[in-house]
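Following: one structure in structure tokens, then a few remarks.
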Amino acid sequence: KLEKMHAQPTEAERDVWNQVNSVLQESESMLAGLQSYKGAGQEIRDAIQNPSDLMHQERAWNSVCPLVIKLKTFYCFSVRLEKALYSLLTCLTCPPYTPTQHLEKEQALAKQFAEILHFTLRFDELKMRIPAIQNDFSYYRRTISRNRINNMNLDIESEVNNEMANRMSLFYAEATPMLKTLSTATTNFVSENKTLPLENTTDCLSTMASVCKVMLETPEYSSRFSSEDTLLFCMRVMVGVIILYDHVHPNGAFTKLSKIDMKGCIKVLKEQPIDNVEGLLNALKFTTKHLNDESTPKNIRAMLQ
């Protein structure tokens with residue numbers, strides 16, 4: 001169903017579709033940039049071990065600067081992604097239609113929503129494997145604040161000033177920064193649209209979760225998946241909407257009364273090769289809000305241990 005969705009927007013959807021599309025078109029290059037991220041670990045270690053050797057200081061600084069510019073690019077992309085998600089939620093939840101009607105009526109936008117989540121989980125899975133990002137960035141901040149590099153390239157300070165560095169620092173401190181951005185965007189969307197019934201948003205998310213789950217656990221669907229990529233796409237979208245639901249629903253996704261069958265969703269994930277789902281299970285563990293609540297059934301918590 002997801003793969004076959006009509007990707008062509010109707011006239012009414014076109015403006016939002018174009019806005020989101022211009023963001024999505026850059027998502028692959030963001031992932032490629034993150035994948036090729038080689039930290040400056042060695043140069044930084046040399047600089048720290050030889051504090052009075054100017055050559056080592058300059059070499060570390062010159063290695064870190066382009067990396068910080070790259071990290072700024074990813075961060076700025078997250079801000080655009082947040083705006084894109086906000087626009088999609090606005091369209092996919094507005095009265096008078098039910099979430100299912102919306103998802104059927106606006107298939108092009110629903111597919112973009114799925115693609116945003118797919119990108120987000122891929123980005124965060126990669127980021128979790130690159131500890132260098134935080135080391136590089138904190139070295140940059142220490143060096144800037146000590147102002148030891150008086151005669152070195154300081155053009156970068158105009159690109160990544162203190163305020164930008166603070167925001168980037170908070171972003172990269174998260175285990176799953178892009179997901180956190182989307183969760184915050186969804187929470188803001190709900191709190192800023194007080195007249196919109198909360199169910200419009202949560203039902204949209206739970207409906208998408210159950211579509212993905214059914215596709216994953218029903219052999220006649222999943223055997224038709226042309227590739228492992230489609231399977232991963234479905235799993236990432238499912239985990240993404242669960243996390244957003246857990247952030248905006250007052251009782252979260254894990255309670256017995258949740259509209260998402262968490263047990264079924266986790267079971268589907270656990271049936272996959274661990275390499276494919278480790279990042280997704282971690283996202284459920286670390287980026288949800290209600291997993292450790294009293295109201296979460298013990299068996300569900302045990303499944304995620």
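Below, the figures for the structure above:
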| read-out | value |
| --- | --- |
| Ranked order, TYR172, TYR97 - accessible area, probe 1.4 Å, largest first | TYR97, TYR172 |
| Between 0 and 90°, nearest 10: helix 228-248 axis offset from the chain longest Cα axis | 90 |
| Residues in segment 166-191 reached by a label modelled at THR73 [backbone nitrogen below 18 Å; 7 Å Cα→Cβ] | 168, 172, 178 |
| Cleavage-rule hits, GluC sites (Glu not before Pro), segment 265-305, DSSP coil, Cβ neighbours within 10 Å at most 12 | GLU271, GLU294 |
| Inter-label distance for ASN299 and VAL214, nm, one decimal - labels placed 7 Å from Cα along Cα-to-Cβ | 2.3 |
| Theoretical ellipticity at 222 nm over the chain - DSSP helices of four or more residues, -39500 (n - 2.57) apiece, nearest 500 | -23000 deg cm²/dmol |
| Rounded D (µm²/s) - segment 167-301, Kirkwood Rh over Cα pairs, Stokes-Einstein at 20 °C, 1.002 mPa s | 138 |
| With all protein chains modelled, accessible area of TYR86 [1.4 Å, Å²] | 70 |
| Cα shape, segment 1-134, gyration tensor, a/c 1.5 rule | prolate |
| Listed residues LYS194, LYS263, LYS72, most fluctuating in the chain (Gaussian network, C-alpha, under 10 Å) | LYS194 |
| On Cα atoms only, tilt of 274-287 relative to the major axis of the chain in degrees | 90 |
| Relative intensity, log₁₀ I(q)/I(0), of the chain from a Debye sum that treats every alpha carbon as a point, q = 0.07, 0.12, 0.16 Å⁻¹ | -0.31, -0.83, -1.26 |
| Segment 196-263 versus segment 29-67: alpha-carbon centroid distance in Å | 40 |
| Protein accessible area in segment 185-256, 1.4 Å probe - carbon and sulfur % | 51 |
| Sequence of LYS256, LYS213, LYS267 from largest to smallest accessible area, 1.4 Å probe | LYS256, LYS267, LYS213 |
| Computed E for SER223/ARG129 - FRET, C-beta separation, R0 30 angstrom, nearest 0.05 | 0.45 |
| Nearest-ten-degree value, helix 162-173 long axis tilted from longest Cα axis of the chain | 50 |
| Solvent exposure of the chain as accessible area per residue, Å², 1.4 Å probe | 49 |
| Exposure ranking of MET262, MET128 by accessible area [1.4 Å probe, largest first] | MET128, MET262 |
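The values are calculated or read from the model by the stated rules, or taken from the named source; none is laboratory data. As the structure is a prediction and not an experimental result, all values here were calculated from the model. Neighbour counts are summed over all protein chains in view; Cβ atoms, including those assigned to glycine, are modelled from backbone coordinates with ideal geometry. Quick note on the areas: whole protein, heavy atoms, side chains included, nothing else; ligands and nucleic acids left out. Shrake-Rupley method; radii C 1.70, N 1.55, O 1.52, S 1.80 Å.
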